[in-house]
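The values are calculated or read from the model by the stated rules, or taken from the named source; none is laboratory data. Predicted, not measured: the structure shown is a model, and the values here were computed from it. Cβ sites come from the backbone with ideal geometry, for glycine too, and all protein chains shown count toward neighbours.
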Amino acid sequence: MSIVHVSEKELYAKLEKCMAGERVLIDQEGNRFSARVQQARGMDATVIPEAQLRKSHDDSDEVDSITVPYDHIWELEIKGVVYSRLAE
């Protein structure tokens, strides 16, 4: 897996084009967690935290998604490449 450091603008451009299921790293007030993208649009993304996926036991009715603004997303993984936002 390779890591590519990108600007905030570059990461947002990649988020707008990403597919459902891509992994993201989210930081909300110091709480960091990974999640899978359901949908990215405008300046926010609907995601499912990976902890929720592990707890669901294959029952999709038990999985709750959340909407996060792009500025809470620090990394996006696409096909084994991690695009990591530089702190500005």
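Observations on the model:
- Sole exception among (1) modelled with pLDDT of 90 or more; (2) surrounded by 11 or more Cβ atoms within 10 Å (Cβ to Cβ); (3) of a type in the set (S, T, N, Q); (4) over 13 Å from the mean Cα position of the chain (by Cα) for SER56, by number: (1)
- Annotation: of all residues in the range 9-44 being part of a helix (DSSP H, G or I) and of a type in the set (A, V, I, L, M, F, W, C), the one that is surrounded by the most Cβ atoms within 10 Å (Cβ to Cβ) is LEU11.
- Where VAL47 falls short, out of the listed (1) surrounded by fewer than 17 Cβ atoms within 10 Å (Cβ to Cβ); (2) free of Cβ contacts under 8 Å to residues at least 24 places away in the same chain; (3) at negative phi: (1)
- Remark: pairs (first residue in the range 56-84, part of a loop (DSSP other than H, G, I, E, B); second residue surrounded by 17 or more Cβ atoms within 10 Å (Cβ to Cβ) and modelled with pLDDT of 75 or more; Cβ separation under 8 Å; 6+ apart in sequence or on different chains) = VAL63/ILE48; VAL63/GLN52; ASP64/ILE48; ASP64/GLN52; SER65/VAL47; SER65/ILE48.
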